[in-house]
Amino acid sequence: MRDPSSYGVVAAGWGFAEGAGMFAAITLAPLTKARQDGELVARCKTTGRAGQRHGSKKDRCPMQMKVVPPVRVLSAPHRITLAEVGKTASAVCAAVEADAAAQGMTVNGPWMFIYRNLPHDPDTPFEIEFCLPVQSGAVYHGRHVLKTLPGATCAAHVHEGPLDRLFDSYATLLRAAAARGCRLSGESREIYHCWQGPQAAENRVEILFALEPEPA
């Protein structure tokens, strides 16, 4: 597994120095782009092209709806600021990987970062979990948390390429979710399906916004 010191996507990719308040700006402003994204989502729904990886990026849907199943993870929960994510991820990911190896666990999935109630600025503390999917049949006696992340219905978008464009992918997904009328729960996830370094064109980071359950 690659050196996790270059994870910490929020610090590097979101660019909060210039993007503070993005959630409020995108979900509240009457953007023409949101209407365009909404039309594309509607076309994807009728043509079945959501999530398609072939064809030009221009033709791909900005959002797909997916049900994420529960997953067993070794988790390191923290309460930090957005400005601290990068340096925290470096140490935490290395510690979690070492713990999993020492406990004889088998890693069976890519790293997941779970964010809850992200603030609109880089200095307000919030809850984050650094999660490594694992298989473990033994009783755990480590300093992290072995748990099952619950499943969720999510609005999803896959970012491809360098991290300095990740902010654009978040914006695209938020606009599409707003156009679709999605009710976001406040939890978001990043899944690192392919990681080759901050500037690599081969990176594939899936962004997931968990949705509120439908009213009964």
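FYI, it's all coordinate maths here, none of it is from the lab. Model, not experiment: these values are computed from the prediction. Don't worry about glycine lacking a Cβ; one is built from the backbone with ideal geometry, like all the others, and counts go over all protein chains shown.
Could you list all residues from the range 110-129 that are in contact (Cβ under 8 Å) with a residue 60 or more places away in the chain and not acidic (Asp, Glu)?
Selection gives 110, 111, 112, 113, 114, 115, 116, 117, 118, 120, 122.
Suppose we keep only residues that are more than 18 Å from the chain's Cα centre (by Cα) and within 13 Å of residue 71 (Cα to Cα) within the range 121-135. Which one would you say is surrounded by the fewest Cβ atoms within 10 Å (Cβ to Cβ)?
Among those that are more than 18 Å from the chain's Cα centre (by Cα) and within 13 Å of residue 71 (Cα to Cα), it is 135.
So which residues in the range 89-114 are among the hydroxyl-bearing types (Ser, Thr, Tyr) and buried (at least 19 other Cβ atoms within 10 Å of the Cβ)?
Selection gives nothing.
Right, residue 203: under 25 Å from residue 66 (Cβ atoms), loosely packed, with under 13 Cβ neighbours inside 10 Å and under 14 Å from the mean Cα position of the chain (by Cα) or not?
no
For the range 136-154: of the residues being among the β-branched types (Val, Ile, Thr) and closer than 27 Å to residue 186 by Cβ, which is surrounded by the fewest Cβ atoms within 10 Å (Cβ to Cβ)?
The first filter runs over the range 136-154 and keeps only residues among the β-branched types (Val, Ile, Thr), leaving 139, 145, 148, 153.
Next cut, closer than 27 Å to residue 186 by Cβ only: 145, 148, 153.
Values: 145: 14, 148: 10, 153: 17.
Ranking the candidates gives 148 first.
Out of all the residues in the range 113-131, which are part of a strand (DSSP E or B) and either over 20 Å from residue 191 (Cα atoms) or aliphatic (A, V, I, L, M) (or both)? Reasoning before the result, please.
Of the residues in the range 113-131, the ones part of a strand (DSSP E or B) are 113-116, 126-131.
The answer is 114, 128.
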